[in-house]
Amino acid sequence: MFMALQAAVSRKAIDRSLRCFGVGVRSMSSWWKSVEPAPKDPILGVTEAFLADPSPSKVNVGVGAYRDDNGKPVVLECVREAERRIAGNLNMEYLPMGGSTNMVEETLKLAYGDNSDFVKDKRIAAIQSLSGTGACRIFADFQKRFRPDSQIYIPVPTWSNHHNIWRDAQVPQRTYHYYHAESRGLDFAALMDDIKNAPNGSFFLLHACAHNPTGVDPTEEQWREISYQFKVKGHFAFFDMAYQGFASGDPEKDAKSIRIFLEDGHHIGISQSYAKNMGLYGQRVGCLSVLCEDEKQAVAVKSQLQQLARPMYSNPPVHGALVVSIILGDPDLKKLWLKEVKVMADRIIGMRTALRENLEKLGSPLPWEHITKQIGMFCYSGLTPEQVDRLTNEYHIYMTRNGRISMAGVTSGNVSYLANAIHEVTKSA
């Protein structure tokens with residue numbers, strides 16, 4: 001009792017002393033009084049709402065992570081084997097700022113080609129990143145630091161976090177046409193006009209394959225026309241490649257857009273991620289690379305990329321990098337990975353076919369060809385926000401309000417229910 005009284009007297013004495021010097025006493029609760037709750041992430045909020053729904057028939061087609069045909073998360077067998085080899089055999093020391101050299105080297109081969117001269121000639125500045133998000137953010141900061149007067153052209157629509165990344169790096173954003181709502185395909189003519197009308201030497205963000213959220217990709221011939229126009233205008237292409245292998249089941253085919261730009265002599269940047277194609281979502285392992293004029297320039301650029309990473313996270317995490325290095329560095333494990341990534345891609349493609357067939361069997365008056373024409377994890381359904389709300393409120397089906405369906409959440413057990421619900425909310429459209 002005496003101690004508590006003494007402490008109270010001391011606090012009052014301190015308060016009086018501060019007031020004598022004109023120093024106001026700040027309430028301990030007032031430091032963050034002006035902070036308002038951040039708006040909910042439109043994607044992550046879908047999962048929160050789904051988990052809170054007690055309905056036994058609820059369906060989540062908002063999640064951007066692969067699920068098997070039972071709706072369960074998957075750990076690839078090649079990943080399990082890599083982890084068995086790691087357990088108890090390797091230390092957990094800090095990686096260098098640039099990350100695992102082995103992981104980066106193997107990752108560059110996936111993007112630039114096994115026998116790429118760019119890799120052999122050491123013309124690529126590359127660091128391990130915190131998955132694709134981290135790669136985009138480091139590049140955005142690099143762009144701001146060394147091309148401070150530049151802007152970034154971002155497609156409409158795009159993955160919502162792209163806007164957050166370049167905004168927080170304080171890089172001004174412009175947009176370019178991409179999706180054509182009426183055809184639910186690519187607005188190629190408008191896209192090309194925007195490329196032509198952008199100031200010479202502009203930065204463009206391109207989705208290498210399996211465009212998120214639309215699933216709409218240019219054809220090979222269209223990519224060649226895009227590359228040619230970039231060459232004419234002197235634009236810089238930054239590719240976000242989050243789905244290599246996961247889109248078609250063939251990593252080489254999914255890298256075709258990048259290979260076309262390389263053949264045409266572009267110096268490009270690439271963000272790569274192993275979240276989707278190896279299922280390493282929580283490991284946050286990826287790579288940022290920038291193709292340079294020569295080895296000397298690549299050394300300089302890499303040093304600056306590392307310098308940007310240092311105050312953010314110092315060094316990247318080790319476990320995911322070890323997993324990737326072991327899988328891609330072992331011919332048998334890499335072969336197993338290629339088999340498993342094709343199984344994932346084929347299941348998604350199969351669910352696209354099943355959803356379209358179910359809708360057509362119901363006699364829907366609307367065209368659904370776009371479901372099978374689009375590719376990758378997401379289907380841009382064409383559903384309106386109001387129709388999505390009805391799906392959620394009446395049928396307990398959860399997706400983002402832009403009508404993006406994660407095909408990973410569609411299974412043979414729920415595809416008929418999903419198709420029936422979509423038919424009900426669209427039949428009067």
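The values are calculated or read from the model by the stated rules, or taken from the named source; none is laboratory data. Here the structure is a predicted model, which means the values were calculated and not measured. Counting neighbours? That spans all protein chains shown, and the Cβs are built from the backbone with ideal geometry, glycine included. Please note that ligands, DNA and RNA were not included when accessible areas were found on the heavy atoms of the full protein model with its side chains. Shrake-Rupley method; radii C 1.70, N 1.55, O 1.52, S 1.80 Å.
Values as computed for the structure displayed
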quantity: Fraction of antiparallel bridges per DSSP, the chain only, in percent to nearest 5; calculated: 45 percent
quantity: Sorted peptide list for 220-226, 293-299, criterion being average Cβ within 10 angstrom, highest first; calculated: 220-226, 293-299
quantity: For the chain, average projected area of the Cα convex hull in nm²; calculated: 29.1 nm²
quantity: Per residue value of the accessible surface for the chain (all protein chains in place, 1.4 Å probe), Å²; calculated: 49 Å²
quantity: Pairs from Lys276/Lys361; Lys256/Lys373; Lys122/Lys233; Lys109/Lys253; Lys109/Lys233 whose Cα-Cα separation, in the structure shown, is over 23 Å; calculated: Lys276/Lys361; Lys122/Lys233; Lys109/Lys233
quantity: Computed [θ] at 222 nm, deg cm²/dmol, the chain (DSSP H ≥ 4; -39,500 (n - 2.57); rounded to nearest 500); calculated: -15000 deg cm²/dmol
quantity: Residue order for Trp337, Trp31 - accessible surface, 1.4 angstrom probe, largest first; calculated: Trp31, Trp337
quantity: 3J(HN,Hα) from dihedral phi, the range 394-407, Karplus parametrisation 6.51/-1.76/1.60, rounded to Hz, x for glycine, proline; calculated: 9, 10, 6, 9, 10, 7, 5, 6, 7, x, 6, 9, 7, 5
quantity: The chain, dipole about Cα centre (Lys/Arg Cβ +1, Asp/Glu Cβ -1), debye to the nearest 20; calculated: 1560 debye
quantity: Cβ-derived FRET efficiency at R0 30 Å, Val343 paired with Lys296, nearest 0.05; calculated: 0.10
quantity: Theoretical gain in end-to-end length, Ser150 to Arg401 [0.36 nm per residue, Cα-Cα removed]; calculated: 87.1 nm
quantity: For the range 237-288 and the range 335-388, distance of Cα centres in Å; calculated: 22 Å
quantity: FRET efficiency, 1/(1 + (r/R0)^6) with R0 41 Å, evaluated for Asp332 and Glu357 via beta carbons; calculated: 0.65
quantity: Per-peptide average of other Cβ atoms within 10 Å, ordering 416-427, 394-405, 123-134 highest first; calculated: 123-134, 394-405, 416-427
quantity: Sites Ala87 and Thr175, calculated FRET efficiency, Cβ-Cβ separation with R0 41 Å, nearest 0.05; calculated: 0.30
quantity: Carbon plus sulfur fraction of accessible area for the range 225-270, probe 1.4 Å, in percent; calculated: 50 percent
quantity: Whole-Hz ³J(HN,Hα) from phi, Karplus 6.51 cos²θ - 1.76 cosθ + 1.60, for the range 79-88, glycine and proline x; calculated: 5, 4, 5, 4, 5, 4, 6, 6, 3, x
quantity: Computed lengthening from Arg259 to Ala52, 0.36 nm per intervening residue step minus Cα-Cα distance; calculated: 70.0 nm
quantity: Fraction of antiparallel bridges per DSSP, the range 95-329 only, in percent to nearest 5; calculated: 45 percent
quantity: Relative packing of peptides 160-171, 244-255 - highest average C-beta neighbours within 10 Å first; calculated: 244-255, 160-171
quantity: Karplus 3J(HN,Hα) series, Hz, for the range 306-322 with 6.51 cos²θ - 1.76 cosθ + 1.60 (x for Gly, Pro); calculated: 5, 4, 6, 6, 3, x, 7, 8, 6, 9, x, x, 8, 4, x, 5, 5
quantity: Relative contact order of the chain, pairs being alpha-carbon contacts under 8 Å that are 6 or more residues apart, as %; calculated: 24 percent
